[in-house]
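Report on the following structure.
The values are calculated or read from the model by the stated rules, or taken from the named source; none is laboratory data. Everything numeric here is computed off the predicted structure, so don't read it as measured data. Here the Cβ positions follow ideal geometry from the backbone for every residue, glycine too, while neighbour counts run over all protein chains shown. Protein only, heavy atoms only, side chains kept; ligands, DNA and RNA dropped before computing areas. Shrake-Rupley method; radii C 1.70, N 1.55, O 1.52, S 1.80 Å.
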Amino acid sequence: MRCAGRKWLRALPWIFVLCIAAGCAAGLYALRYEQPVYEAAYTICVLPGSEDSWQKMLMLERDCNALCGTNVFRQAVLEKTASDGQSVMNVKAQKGTHLLTLTVKGPDAAIVQGLANTAGEALAERIPRMFDVASAQEVERAVLPETPCNAPMEERIAVAVIAAFVLGSLLAMLFGSGQRRMRHDLPECEGFCLGAVADTHHEVKRFIRKKPENGMLLYRVDRLIRENIRRLILRLRQSEQRCLVLCGVQDEMESASATVLLASELAQQGYRVLLLEMDDTQPQMARLLNVKARADLHDYLLCRSEWNETVVRTAIPTLAFVDWLHDDVNVADLAATEAFGGFLQSARTHFDWVILHAAPAMDSTDAAMLSLVADGVILLARDGRYLLEDIEEAARQQARLGRAARGVVFTGVRRERLETADQ
């Protein structure tokens, strides 16, 4: 049952898409192709003959339907009224009574009424002569139907959506993949999970919107997130690696914010930290630090700018930041130069920590190239987004092209899960 539940949860977005498609298809079909259907009923009261029972009424219902289906009866009806060839006739006994209802359905209201009355009169005339009943009398004639008897469009759409949901759920549980998405608290992650950071999406949006004059993202997050970052720092301090490359597995929304929080907390604890933006696809850390650079590392290595023009001082005195401003320069090319390697070597002597934020590992080789001149790589993966095979493939790619990844930090973790884990 747990495996079936995982399959269903994984397929839930596709099931919703299937439901929406089924509902739209049902509505479009009803609007464009389905004709209105009208219904008229003629009621006959049949007085019993030798035997009075419900079984006999059922037998009479069956015999009357057979009679209405004969060519002789149809010919007799069509001689007295018009037909469009699309109307359907049916005789039904009303349970607990001696009433028979002859119902005619078709696309033309006037033809349906005429057929119901003519066929009903012919049936009432033939029943006493052909079957074991005392008499058959007209009770109610068919009236001209004013509105179609089709099910309302909303009802048909609802039925189509429910049917698609049930069918999609069954197919997902039978044939879907039972593999679990990796979360920070699963036993499979114990060997490589370095830490977990709560979802920072709302804090980042609020910080960017308000744009505080003197402040940093670190000061705008709550205690839970800061505790997550501090625990990660305690894990990192157990190693001698002080020059680290941080990158997402894929396009992680929280990778930049997690890197900024890590560097800021290190500086807040008194370490001298150099933070380098090396993501040339979507540089975001300048906004999160609330700073603006005039030059970047490429300018400095080409002697186009001085160090004091390149580095940006932040609200924390021990945190220095270098942005990336060139769209026409490739980070991997810069990382392969001797000048960049020499710069990092010099930075190690002047700073306690050097943190580089690179583009996603699965989308580029920037992180692998940077790792060759750094001490190690840390992957950032959104909690519950990837299979174990996805994370292992990203780690294998890093080990094949550069240094092996030290571990994975799970970002975007729901607060309820972290709060539950701490209790």
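Restricting the first member to the stretch 147-175 and to residues that are in contact (Cβ under 8 Å) with a residue 12 or more places away in the chain and over 26 Å from residue 37 (Cβ atoms), and the second to residues that are exposed (fewer than 15 other Cβ atoms within 10 Å of the Cβ) and of a type in the set (Phe, Trp, Tyr), the beta-carbon pairs closer than 8 Å and six or more apart or on different chains are 168/14; 172/14.
Scanning the stretch 404-423 for residues that are touching a helix residue (DSSP H, G or I) at 6+ places or on another chain (Cβ under 9 Å) and at pLDDT below 90 returns 415, 418, 419, 422.
For the stretch 1-29, what are the residues that are within 14 Å of the chain's Cα centre (by Cα) and open to solvent by 60 Å² or more (accessible area, probe 1.4 Å)? 8, 9, 10, 13, 14, 16, 17, 18, 20 - these are the residues of the stretch 1-29 that are within 14 Å of the chain's Cα centre (by Cα) and open to solvent by 60 Å² or more (accessible area, probe 1.4 Å). When the residues of the stretch 227-262 are filtered to those that are of a type outside the set (Asp, Glu), touching a strand residue (DSSP E or B) at 6+ places or on another chain (Cβ under 9 Å) and assigned to a loop (DSSP other than H, G, I, E, B), the one that is surrounded by the fewest Cβ atoms within 10 Å (Cβ to Cβ) is 239. Residues in the stretch 35-55 that are more than 30 Å from residue 156 (Cα to Cα) and surrounded by fewer than 19 Cβ atoms within 10 Å (Cβ to Cβ): 45, 47, 48, 49, 50, 51, 52, 53, 54, 55.
Exactly one residue out of 32, 74 is more than 22 Å from residue 140 (Cβ to Cβ) and surrounded by fewer than 14 Cβ atoms within 10 Å (Cβ to Cβ), and it is 32. Identify, by number, the condition in (1) open to solvent by 50 Å² or more (accessible area, probe 1.4 Å); (2) assigned to a loop (DSSP other than H, G, I, E, B) that residue 209 doesn't meet. So the condition that residue 209 fails would be (2).
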